[in-house]
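The values are calculated or read from the model by the stated rules, or taken from the named source; none is laboratory data. Here the structure is a predicted model, which is why all the values come from computation and not from measurement. Note that we place each Cβ from the backbone using ideal geometry, even for glycine, and neighbour counts take in every protein chain shown.
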């Protein structure tokens, strides 16, 4: 019984040590020990087809992800970890065709360009394009499914950015 209690106590104490030092979080994020802040510039929409709320939705989602999943504080200036970029693509294309040459399914694709700067570990800096899509039946009206599609695409894009920036697995 005493051995079991000792093991449990060791695990709990280890969890607090890892969480408190700022190096590792239980989300898998690996944050440099000295990093205290992060910043996310507004992502302007440079796509040929502009969805008016997408810039704010993407920017807010990236800020929320880092606020919830790390111990870093959002700053208005340039943070220890800094994100900037733009929306470069917002396209709707037919995906699957029916026998009568009409689209059976359409694909909404959002593409963004992200520049990440890590003040403590510059070897982890990157500039990369990320793209995700959502397929929907051509009988559905885009305006009806667009908010859900955007939310799902943005969630996946933010997860990709988070993983690329701070999950070094």
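The figures follow:
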item: Neighbours by Cβ (under 7 Å, 6+ apart or cross-chain): first from the stretch 24-46, on the phi > 0 side of the Ramachandran plot and part of a loop (DSSP other than H, G, I, E, B); second surrounded by fewer than 19 Cβ atoms within 10 Å (Cβ to Cβ) and modelled with pLDDT under 95; result: 28/167; 28/169
item: Failed item, numbered, when residue 50 is tested on (1) closer than 13 Å to residue 110 by Cβ; (2) part of a loop (DSSP other than H, G, I, E, B); (3) modelled with pLDDT of 95 or more; result: (3)
item: Unmet criterion (only one of (1) without any contact (Cβ under 8 Å) to a residue 24 or more places away in the chain; (2) within 19 Å of residue 33 (Cα to Cα)) for residue 139; result: (2)
item: Any hit, the stretch 30-41, residues being over 18 Å from the mean Cα position of the chain (by Cα), closer than 30 Å to residue 90 by Cβ and modelled with pLDDT of 90 or more; result: no
item: Residue ID - nearest to residue 45 (Cα to Cα), chosen from residues in the stretch 114-130 that are touching a helix residue (DSSP H, G or I) at 6+ places or on another chain (Cβ under 8 Å) and without any contact (Cβ under 8 Å) to a residue 60 or more places away in the chain; result: 114
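For every residue, the table says whether it meets (1) closer than 17 Å to residue 167 by Cα; (2) touching a strand residue (DSSP E or B) at 6+ places or on another chain (Cβ under 7 Å); (3) at pLDDT below 95.
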position: 79; (1), (2), (3): no, yes, no
position: 104; (1), (2), (3): no, yes, yes
position: 111; (1), (2), (3): no, yes, no
position: 124; (1), (2), (3): yes, yes, yes
